[in-house]
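The values are calculated or read from the model by the stated rules, or taken from the named source; none is laboratory data. The structure presented is a predicted model; accordingly, all values stated were derived computationally and were not measured. Please note: Cβ atoms are built from the backbone with ideal geometry, for glycine as well, and neighbour counts cover all protein chains shown. The protein model used for the area step is the full one, side chains on, heavy atoms only, and it has no ligands, DNA or RNA in it. Shrake-Rupley method; radii C 1.70, N 1.55, O 1.52, S 1.80 Å.
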Amino acid sequence: TRGMAVAHVVRFVGKCDPKVVSKDHLHETEFQMIYVLKGTVTTQMKGHGTHVMKAGDCWLQPQGIVHKVLDYSDGCEMLEIVLPGNFKTVELEK
């Protein structure tokens, strides 16, 4: 796609460590769709609350929304499709 889009599987391995994954961040994207292939993931999106997504759930993530992962099941897998393919992630917490 010459950087126009990217599709990849995000795979969480092992027990969730909130110190590592639970950081507010945003993605500089035009389009971001996430589909849970396996397991569960709990996310928090600023202004939209906390959501538990399970295998078969899908959502469009609003452009520039501040969010973080709160928890996930071992082996959770998510398909993520993003435009542009070379998007930037901005961490708001260290």
Cα lying deepest toward the dipole's positive end in the stretch 34-94, options ASN86, ALA55, ILE34, charges on Cβ: ASN86
LEU70 versus LYS19: modelled label distance in nm, points set 7 Å from Cα along the beta carbon direction: 2.1
Accessible-area composition of the chain, carbon plus sulfur, in percent [1.4 Å probe]: 56
Under 12 Å, Cβ to Cβ, from THR40 - net charge with Lys/Arg +1 and Asp/Glu -1: -2
Inter-label distance for LEU60 and PHE31, nm, one decimal - labels placed 7 Å from Cα along Cα-to-Cβ: 0.9
Among (1) 12.8, 35; (2) 13.0, 42; (3) 14.0, 46, the entry derived from the coordinates for Rg and Dmax of the Cα atoms in Å: (1)
Listed residue pairs exceeding 21 Å between alpha carbons, taken from LYS38/LYS88; LYS68/LYS88; LYS15/LYS88; LYS19/LYS68: LYS38/LYS88; LYS15/LYS88
Probe 1.4 Å, protein heavy atoms only - accessible area per residue of the stretch 1-75 in square angstrom: 62
Dmax and Rg, reported as Rg then Dmax, of the stretch 45-94 (C-alpha, Å): 12.3, 32
